[in-house]
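This report concerns only the one structure given below.
The values are calculated or read from the model by the stated rules, or taken from the named source; none is laboratory data. As the structure is a prediction and not an experimental result, all values here were calculated from the model. Cβ placement follows ideal geometry from the backbone for every residue including glycine, while neighbour counts extend to all protein chains displayed. To get the accessible areas, we keep the full protein, side chains included, count just its heavy atoms, and leave off ligands, DNA and RNA. Shrake-Rupley method; radii C 1.70, N 1.55, O 1.52, S 1.80 Å.
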Amino acid sequence: MSKKIALSNNKSKLSLACSAETIASNVDLLTGILLRVPTKSLIRFKSVSKQWLSLISDAQFCRNNTQQNPSPPISGLYFYSNCDRITRVSFHDHPRATLPNFSFLDGSGSGSETIVRHSSNGLMLCTIEFYDFVVCNLTTQKFVVLPKLALHAIRFQYYLIYDPKKSPYYKVVVVSFAYDLQTSQFDVYSSERGSWKSTVATPRIPNVGYGAVWNGKIIWMSCWPGRESCSKHDHYYFQFDLDAERPTMTGVPSPAGYHSKGILYFGECGGRLLLIQNPNRYCGTEFWVLEMIDGESKFRWTVKYRVDLKPLPLPPRSTCGFSVVSVMNVGAKANDLAVVLYAGGKFIRYNIKCKTLKVLCDSEGGDFPACLSRPCHFIESLMPV
């Protein structure tokens, strides 16, 4: 009986070995399997053999893998602060130091410090010596230096737009607020055409904060011109259409409970445009999450969640207020949202559905809200630049 079992086991091992050899020798079959493997595993698989290294490093394979996995989870956040450092916040259970750094950009030739400007689906936009624009992939540590762009203005905003579900190409948009305060200039770099294109907007887009990238547009929220307060009036939204590369403007009714000093967050998450506000300026632990509804005739805001953090075990010193750093999906459904907060010297993730808190890490020192740049999402990706 034992001989039959041993013989059966040997046959099973031989069958598995033959199957593995068959897969390894069939490039199409192996490619089809690896295309469905997460990025982190693929990076490790490069060391399996020269064949796997060549296959996984191929630019077309990387594009196809990205399209097969268009919505990978966010692994962490990067900030560049006026405290002259890059702060990294990991969403995993490993130390912050395990997140990749930007030392590979030392090969860009400038020798200057890197400033993180924006991110989009696995790619990051950086500046070196302020006017040198670099698009890089932190996972593969590959980068491209964009053509020089002459800028003459008092303030700039920077955007990187890449959607693997729609196109293998990306765009970089630099918004310049002119000295005369009458115009705004849009400089758009397209990786497809490999050059910059300029558009001037009159009247200028108000310099009222960063815009949100949503539905193929960059959107800025403001009040109607000439109004001292927009708490009881409609908003107007400047939009820059990324396909047509031209600005437009539209009006939207004010959100419920809106007051201009209560805006905590304005941005896109999981294909939805979200606004987080504090409806009660005297309550430091309460916020609402609103979603923009794209109706057939006009846009409108609707309240999705009302959150009060008071019953939760917040860190000391956080009862006087908090900052909303970012919003992210944490589940398979679009409504599975988590809000990344800065409170009491700590970065905290609050799961809205489960009503749970998780401390991600302590601040690296300094007054975080005073020296915070816009957060950039780090997503592991093989997308070539």
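Structural remarks
- Mean Cβ neighbour count within 10 Å, used as a protection proxy, ranking 321-328, 193-200 highest first: 321-328, 193-200
- Going by accessible surface with a 1.4 Å probe and the largest first, V330, V188 read V330, V188.
- Annotation: peptides 138-151, 162-175, 45-58, ranked by per-residue average of other Cβ atoms within 10 Å with the highest first, follow the order 162-175, 138-151, 45-58.
- Using θ = phi - 60° in the Karplus curve 6.51 cos²θ - 1.76 cosθ + 1.60, the 3J(HN,Hα) couplings for region 335-340 round to 7, 7, 9, 10, 10, 8 Hz; x is entered for Gly and Pro.
- Placed amide H near L138: partners under 5 Å, 5+ positions off or other chain: M124
- Given K142/K346; K171/K353; K46/K171; K197/K217, the pairs whose alpha carbons are separated by over 23 Å: K142/K346; K171/K353; K46/K171
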